[in-house]
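Everything below concerns the one structure shown next.
The values are calculated or read from the model by the stated rules, or taken from the named source; none is laboratory data. Remember, predicted model here, so these are calculated numbers, not experimental data. Note: ideal-geometry Cβ built from the backbone for every residue, glycine included; neighbour counts use all protein chains shown. The accessibility values were calculated without ligands, DNA or RNA, using every heavy atom of the protein model including side chains. Shrake-Rupley method; radii C 1.70, N 1.55, O 1.52, S 1.80 Å.
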Amino acid sequence: MKRITLLLLLLNFATFAQTHKKAIIVLTYDDALPSQLDIALPQLDSMGFKGTFFLTGYLTQATIPSWRQVAQHGHELANHSLYHPCFVNPGKGNPADNSANYTVYMIKREIAEMNNLLYAVDGKAGARTYAYPCTEIAVGGVKYADSLSAASIVRYARIGGGPDAVITDFKKIDPMQVPSWGIHGGVTGDELIAFAKKAQQTGGLAIFMFHGVGGDYIITPAAAHKQLLLYLKQHQDEIEVRTFQDALDYAKTIN
């Protein structure tokens, strides 16, 4: 009886090991910022890592060739809407970009049009991954995640979260509300590594949400970003770096 129990335990452990060999880290970057092209991408490429870049429609004839090259190097170009609408108090900002003035139809149309623009950049058809602008899951006071899913224009959607937003139960992932850590300005390399370690310890999925790297705004210092990448490179036996879409596709295969 003891031998049977031990055998079952070993089989269960083997099954767990096969399905949770490594922690999964996803590196995402919002808003198509110059510092991402100038600093973040060369650092990623030097380590052989692929990132996910959530682009808006504020691309120009000068930057589109650069982003096309980013896609050709295996990075994911993803959807962050055309105009990045966010809630602003009445009288502040451009009312055309105030998410309070949007309807669900308007944001869905904008996302679909951004998909078309991304297709023109990288030639990849079909639904994209998406990051809610300002991590807001509602426009005009109406939540629209279910509408995105029904429209089949978004494959997976990323929301915000804090430094504890590590996914450990892959069965419970809501594909339209996948949590991530929104990195604060001035973050240290040690803080970034601590988030990765939480995924390591649990065999989980940790998604970083960066903005500026070494410049622009909500700035992650270039040295801190590089420190994280070096740590991930040094622990490749325990950590796997994937794009957002690839990570979520993979998560669906985990039992």
Item to complete: Please list, in chain and number order, the residues 5+ apart from Cys86 or on another chain whose amide H is under 5 Å from its amide H, with Hs placed from the backbone.
Response: Ser99
Worksheet entry | Other-chain or far-sequence residues with amide H under 5 Å of Asn79's (modelled H) | Leu55, Thr129, Tyr130, Ala131
Practice prompt. Multiply the residue gap between Tyr217 and Ser46 by 0.36 nm, knock off their C-alpha separation, and tell me the result in nm, one decimal place.
Written response: 59.2 nm
Worksheet item: Within the range 194-255, which chymotrypsin sites (Phe, Trp or Tyr not before Pro) sit in a loop by DSSP and count at most 16 neighbouring Cβ atoms inside 10 Å?
Response: Tyr217
Discussion item. Quick check: the distance between the Cα centres of the range 234-254 and the range 180-231, to the nearest angstrom?
Written reply: 16
Worksheet item: Taking the chain as a Gaussian network, where each spring joins two C-alpha atoms under 10 Å apart, which residue of Ala165, Ala194, Ala157 fluctuates the most?
Response: Ala194
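Of the beta bridges DSSP finds with both residues in the chain, what % are antiparallel, to the nearest 5? Mind dumping the intermediate values first?
Numbers: 4 of 30 bridges.
Once the DSSP bridges in the chain are tallied, antiparallel ones form about 15 percent.
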Practice prompt. Please identify the longest segment of the chain free of exposed trypsin sites (Lys or Arg not before Pro), where exposed means a DSSP state other than H, G, I, E or B and no more than 13 other Cβ atoms within 10 Å.
Written response: 125-251
Worksheet item: What part of the accessible area of the chain, given as a whole %, is carbon or sulfur when the probe is 1.4 angstrom?
Response: 56
Discussion item. Apply the Karplus curve 6.51 cos²θ - 1.76 cosθ + 1.60, θ = phi - 60°, to the phi angles in the range 160-172 and return the couplings in whole Hz, x for Gly and Pro.
Written reply: x, x, x, x, 10, 7, 9, 8, 10, 10, 5, 5, 9
Worksheet item: Once phi is turned into θ = phi - 60°, what whole-Hz ³J(HN,Hα) does the Karplus curve with 6.51, -1.76 and 1.60 give for every residue of the range 95-107, x standing for Gly and Pro?
Response: x, 5, 9, 7, 4, 5, 8, 8, 10, 4, 4, 5, 6
Discussion item. As a quick test, which of the pairs Lys197/Lys226; Lys22/Lys197; Lys171/Lys233; Lys172/Lys197; Lys143/Lys198; Lys143/Lys171 have an alpha carbon distance above 19 angstrom in this structure?
Written reply: Lys171/Lys233; Lys172/Lys197; Lys143/Lys198; Lys143/Lys171
